Amino acid sequence: MREYPHECCGLLIGSSEGDRKTVTDLRVAENQRHDSLRNRYLIDAGFIFRIESDLRGSGKAILGFFHSHPDAPARPSVYDQEHAWPWYSYLIVSVKQGKPADTTVWQLKQDRSGFTEEAFEVSTVEVS
């Protein structure tokens, strides 16, 4: 809501065991996509490397990414598919007229042909 009408973005941090991912922390990133903030996001590679470095030895890792879709459905766009990586989870929040609406989580198929929706449940998550 804070970034509306622009896209917010950041990292999903936690641990994984088999196919189960447990997100315990969200790291908010500054959207570096200054040319098209409303319908695109870009996370600085340096930010990702710093987080990976901070997590080394902690048992936690980057499990995926989150971003918002201002006044659009919480479904991956063609742009999202072109820039996603398999295995990682992509949480998308639809923000309609400044209020959060739907939230979905997706994983890009190994052959990059599309996304599979992931089941998720929400409990307390630390945001930093």
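Annotations
- Qualifying residue in segment 48-56 (condition: part of a strand (DSSP E or B) and either touching a residue at least 40 places away in the same chain (Cβ under 8 Å) or not aromatic (Phe, Trp, Tyr) (or both)): no
- Check on Val23, in contact with a Pro (Cβ under 7 Å, 6 or more places away or on another chain) and either assigned to a strand (DSSP E or B) or among the hydroxyl-bearing types (Ser, Thr, Tyr) (or both): no
- Single residue of segment 4-37 satisfying the filter (over 27 Å from Thr116 (Cβ atoms) and of a type in the set (D, E, K, R)) that is surrounded by the most Cβ atoms within 10 Å (Cβ to Cβ): Glu30
- Spans of strands (runs of 3 or more DSSP E) in segment 74-128 with at least 2 residues in contact (Cβ under 8 Å) with a residue 60 or more places away in the chain and under 13 Å from the mean Cα position of the chain (by Cα): 89-96
- In segment 79-128, the residues that are basic (Lys, Arg) and within 17 Å of Leu12 (Cβ to Cβ): none
- Every condition in (1) crowded, with 16+ Cβ neighbours inside 10 Å; (2) small (Gly, Ala, Ser); (3) farther than 19 Å from Thr103 by Cβ is met by Gly64 except one, and the failing one is (3).
- Among all residues of segment 51-65, there is none that is on the phi < 0 side of the Ramachandran plot and at pLDDT below 95.
- Test: residue in segment 76-86 that is surrounded by 15 or more Cβ atoms within 10 Å (Cβ to Cβ) and acidic (Asp, Glu): yes
- Checked against (1) in contact with a strand residue (DSSP E or B) (Cβ under 7 Å, 6 or more places away or on another chain); (2) surrounded by 11 or more Cβ atoms within 10 Å (Cβ to Cβ); (3) modelled with pLDDT of 95 or more, Pro100 passes all but a single condition, namely (3).
The values are calculated or read from the model by the stated rules, or taken from the named source; none is laboratory data. A quick note: this is a predicted structure, and the numbers were derived from the prediction, not measured. Reconstructed Cβ throughout: ideal geometry from the backbone, glycine too, with neighbour counts over all protein chains shown.
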